[in-house]
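Q: Shown below is the structure under consideration.
What follows is calculated from the coordinates using simple rules that are stated; it is not laboratory data. Just so it is clear, the model here is predicted, and its values are computed rather than measured. Neighbour counts are summed over all protein chains in view; Cβ atoms, including those assigned to glycine, are modelled from backbone coordinates with ideal geometry.
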Amino acid sequence: MAQTLTPEKCSALIIGGSAGSLDVLLQIFPDLKKEINFPIILVTHRKSGNDSLLTDLLQSRTGLDVQEAEEKEPMLKGNVYIAPADYHLLIEEDKTISLDYSEKVNYSRPSIDVTFQSAAEVFKDELVCMLLSGSNADGVEGLKSVNNSGGFVVVQNPNTAIMPYMPQQAIDHVKPNVILDSFNMAEFINKLIR
Amino acid sequence: MISEVIDNEQIETLLSDVLEVHGYDFLEYSHASIKRRITRLYTLDNFVSFAEFRYTIKSDKQYFKRFLEEITVNVTEMFRDPTFYKSLRNDVLPVLGTYPFIRIWVAGCSTGEEAYSLAILLKELNLLQKSLIYATDINPSVLDKAKKGMFPLNYLKGYSENYVNSGGVKDFSSYYTANYSLAKFDESLSSKMIFSTHNLVSDHSFNEFQLILCRNVLIYFDKELQHKVFQLFDNSLEKLGYLALGSKESLDFWTKAKEYKRVKTEKIWRKL
């Protein structure tokens, strides 16, 4: 593998995924270093009602603090915030989390686009966004905003994604800074530590 | 770097106009959300410039109606969060049933789905006759819809599932008649509802209630405004009355939170 590019500064990492992304997350989380000094936000499509399941599953595999995001909560370094089922997650200028129960976007709530776009406005060129496996096009518009505001775009290699559609859409419509296989993602994230 | 469609300063300008010209105060709404709603409307309605958008909002009353409807979130459903309604049915309403008269306020009722859900619960507990549901919203046009009690038929399957999951045992379809693409809910349910505009930001307490429902409204407010609204609810709630919030909202960081006791694990608090 060629030398992986990393951004100069990362103030927040947002990971979006849909069908097939859980496997990737379960692969990434055990290898994340405890020294991670930025917040990580997860936006994944899933059914409402079993929120704590994903939180517990990921928490059992990492030393980082994993929690479901609460509204108006400040984002702390080294913490993982999961967008609650059935709410969009937005980021305020003061880097707190806002939740929003407005219309679904791309048939999804939470929508990855909504969080990527909102974070792009706040973190600008200090934002890293990753789009994983999935079977709809949510996330693509958001990645365009991330690109435009100077953020860093990472897309899962569609060839090794369980559902290649979502990452493929991103590659077709946005210029990712890097395309990664799932087994290289933890290493990439650890390299964001400054 | 491409600039944003509407920047933060322009949002402030718009919201100040809206307050000055129309008397609606959105300045303490949570910024990210309101900005997204405004940007969305600007794009949706194909405005060519911010100046034109601003002018239309200021001077066109008809368009302002649309603005108001579109920047406030009016997404709601019947029996949303079934476990919440189960708790209302089993823990809260039976207590209120011991009172001679029950006054309930649904604050931010939008198109009325919660008020009708509540009326169904009251009816099943034989309490509807002695209840009054005050359903209020900032937005007059959603109240017109709420009064009609007609909801899109294609949502009813989901509502019916929610109803069953909340502990409902009746045939849900007995509460409405299908009329083309709409389900019209029984008028006995709305006979105990009073609809009125009320702005949580600027209007005062107007009665004393034993139960206030305000779910998924406060998430759109900043912390300070949330606390002002909690004070308004406190002023409007009888001793031992209940306050119900949305599944991601909480009374916890409010100064008077100690004067309230949480009911089990749901977002329901009882005033001590």
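Q: For a bin width of 10 Å, list the pair-distance distribution of the range B:171-272 built from all Cα-Cα distances, rounded to whole %.
A: Result, from short to long distances: 13, 39, 27, 18, 4, 0 percent.
Q: With +1 on each Lys and Arg Cβ and -1 on each Asp and Glu Cβ, and nothing else charged, work out how big the dipole of chain A is about its Cα centre, in Debye to the nearest 20.
A: 460 debye
Q: A further question follows. With equal scatterers on the alpha carbons only and no solvent term, can you work out the Debye log10 of I(q)/I(0) for the range A:96-194 at 0.17, 0.22, 0.24 1/Å?
A: Log10 of I(q)/I(0), two decimals: -0.75, -1.17, -1.30.
Q: So what J values fall out for the range A:27-35 if you push phi through Karplus, 6.51 cos²θ - 1.76 cosθ + 1.60 with θ = phi - 60°, rounded to Hz, Gly and Pro as x?
A: 7, 6, 4, x, 9, 6, 6, 5, 7
Q: Now, a different point. With a cut-off of at most 13 other beta carbons within 10 Å, and DSSP calling the residue loop, which GluC sites (Glu not before Pro) in the range B:177-227 qualify? Please list them.
A: B:Glu208
Q: Provide, for q = 0.13, 0.15, 0.19 Å⁻¹, the log10 of I(q)/I(0) from a solvent-free Debye sum over equal Cα point scatterers in the range B:101-234.
A: The Cα Debye sum returns log10 ratios of -0.57, -0.75, -1.13.
Q: Between B:Lys264 and B:Phe206, what FRET efficiency follows from the Cβ-Cβ distance if R0 is 41 Å, with the result rounded to 0.05?
A: With R0 = 41 Å, the Cβ-Cβ based efficiency is 0.90.
Q: For the range B:196-248, how big is the tail of P(r) above 18 Å, as a whole percent of Cα pairs?
A: Working: 381 of 1378 pairs.
Roughly 28 percent, rounded to a whole number.
Q: Something else about it: List, in order, the whole-Hz ³J(HN,Hα) value for each residue of the range B:75-81 obtained from phi through the Karplus relation with A = 6.51, B = -1.76, C = 1.60 and θ = phi - 60°; use x for Gly and Pro.
A: Residue by residue, the range B:75-81 yields 7, 7, 8, 7, 6, 5, 6 Hz.
Q: Further question: Where does chain B land on the Kirkwood hydrodynamic radius, alpha-carbon pairs, in angstrom?
A: For chain B, inverting the mean 1/r across all distinct Cα pairs yields 19.8 Å.
Q: Also, I was wondering about something else. If Rh is defined by the Kirkwood formula over all Cα pairs and Rg also comes from Cα, what ratio Rg/Rh do you get for the range B:131-189?
A: Ratio value, two decimals: 0.99.
Q: Considering the convex hull of the alpha carbon atoms of the range B:8-71, report its projected area averaged over all viewing directions, in nm², one decimal.
A: Projected over every direction and averaged, the Cα hull of the range B:8-71 covers 3.8 nm².
Q: Students often get this wrong: which residues of the range B:140-164 have the backbone nitrogen under 13 Å from the point 7 angstrom along Cα-to-C-beta of B:Lys184?
A: B:148-151
Q: Tell me the volume per residue, in Å³, of the convex hull enclosing the alpha carbons of the range A:80-128.
A: 78 Å³
Q: In 5 Å bins starting at zero, report the fraction of Cα pairs in the range A:12-190 per bin as a rounded %.
A: 1, 9, 19, 24, 24, 17, 5, 0
Q: Something else: Does anything in the range B:20-43 have its amide N under 19 Å from the 7 Å Cα→Cβ label point of B:Ser59, and if so which residues?
A: Under cut-off, by backbone N: B:20-23.
Q: Please give the charge dipole size of the protein assembly as shown, origin at the Cα centre, charges +1 on K and R Cβ atoms and -1 on D and E Cβ atoms. Round to the nearest 20 debye.
A: 1240 debye
Q: Right, something else. Around B:Phe195, which amide H atoms from residues at least 5 apart in sequence, or from another chain, sit under 5 Å from its own amide H, with H modelled in the peptide plane?
A: Counting only residues 5 or more places away or on other chains, the set is B:Ala135.
Q: Here's a follow-up. Amide H of B:Gly241 versus every other amide H placed in the peptide plane: which residues, excluding those fewer than 5 positions away on the same chain, fall under 5 Å?
A: B:Lys271
Q: Just to be sure I follow: if Rg is taken over the C-alpha atoms of the protein assembly as shown and Rh is the Kirkwood radius over the same atoms, what is Rg/Rh?
A: In the protein assembly as shown, Rg relative to Rh is 0.99.
Q: Let's see if you can work this out: charge +1 on each Lys and Arg Cβ, -1 on each Asp and Glu Cβ, no other charges. What is the dipole magnitude of the range B:82-271 about its Cα centre, in debye to the nearest 20?
A: 380 debye
Q: If I model a spin label as a point 7 Å beyond the Cα along the Cα-Cβ vector, how far apart are those points for A:Ile193 and B:Lys239 in nm?
A: In this crude spin-label approximation the distance works out to 5.7 nm.
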